[in-house]
Structure formats: C-alpha cells, structure tokens
Amino acid sequence: EVASLPRGVTGEPTYQVGGEVSATFTFSSDRAARAAADAGQSLPPPPPGLEGSQLRLVAGPGVAAIWSQSSGVPALVVGRAGAPTAQSSSSGVPADAVRDYLLSLPGLPDDVAAALRTFDADGSTLPLPVPVDRVTTSPAEVDGERATVLTTRDGSAAAVVWVDDDVVTIVAGTLDADEVLSVARELR
C-alpha cells in the first residue's frame, strides 16, 4: 500500500495481475560452437553433463498498482512479483556452473555478461539489463535492502528496484529519483 502519493499523482489505481512465467534453455554444444565460430573463436570445452541439460527460469506471479495520467500514461507504478529463480535439469550440472560456462563463451555481449554475473539461481539477486545510452543507474537502500535507481537521461522518468525475501519490487513513474525513493520507502 502506498502511504502517500507524490505530487501530480491522484485518484485510485488500477491493478494488473500476472501469473508465473517460465522459460527453458536447453544447452546445445553444436549451436554454441557455431556461435563461437561466427565470432571467429573456438568453443571452450563444456563441463561434463552440460550437453542437452536444461535451465528453467521462473518468475512471478506478480501484481501492479497503476495510477494513470489523463493522457493514459502511467504516472506511478508499484509492482511486486516473485523474484526470478533458475533450476537446472536432472543432469546434475548446477545452475551456477551453467552460468559460469555461459560467461566463458566467446562473443557474449558485454551487457548480457554483466547481467549474468549478478544472477544467483536462488532469486536473491536480479540481473538488470540497462540501456546505458538512455538510462543512468545509482545504488540506494530501501528498508535495509540494496536497491537500484534508474533514471532516464532526460529526467522524464525514474524507477527503483530491489529484492527482499524472494520478492522483487519496483516503483516507477514520470517522477524524479527522490520521488520514487520516497514512495518506495513508505510502502506498507
């Protein structure tokens, strides 16, 4: 529940609910070798048991409260969802080993590698790909938890995101960083 609405945000929110979502990645050394060859490099040897193993990413369910402006653009969004987790298949290769091997692959874009490095399979961290040409980031704290503040370079919108007890929370809107942090810190 939002304790007090920031300036310019009025009325009652609408709610959107989403169920659990998942995606499954199946490792193929043939496909990985082709990608490495396309990058002009060779594939490092995969760990035993990785071929054909699957990594299932799961997130949600979630709910969002949305306060819209008269134009229909969201002025404020407060959302909570189950933090993403990863589960490896019965091949016995731990999710962290799969992540580490993926990080060793040639041609992996820097932004994807940076997000992968921060991901823990237990849902305690959240990889956050950020388009650095349009958004700046800064660290913050919300209720004793590490948070990330994202602000558009033109200052038109901001968001704060954090994970606490396997729940990811986001507060975002056409507000500045101080306003989204204020809302986040007053959530009940």
Apportionment of accessible area to carbon and sulfur, the chain, percent (1.4 Å) = 53
For mean projected area of the Cα convex hull in nm², calculated from these coordinates, the label among (i) 12.3; (ii) 11.2; (iii) 9.8 | (i)
Averaged per residue, the 1.4 Å probe accessible area of the chain, protein heavy atoms only, in Å², is roughly 57
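The values are calculated or read from the model by the stated rules, or taken from the named source; none is laboratory data. Keep in mind it's a predicted model, so treat the numbers as computed, not measured. SASA here: full protein model, heavy atoms, side chains in, ligands and nucleic acids out. Shrake-Rupley method; radii C 1.70, N 1.55, O 1.52, S 1.80 Å.
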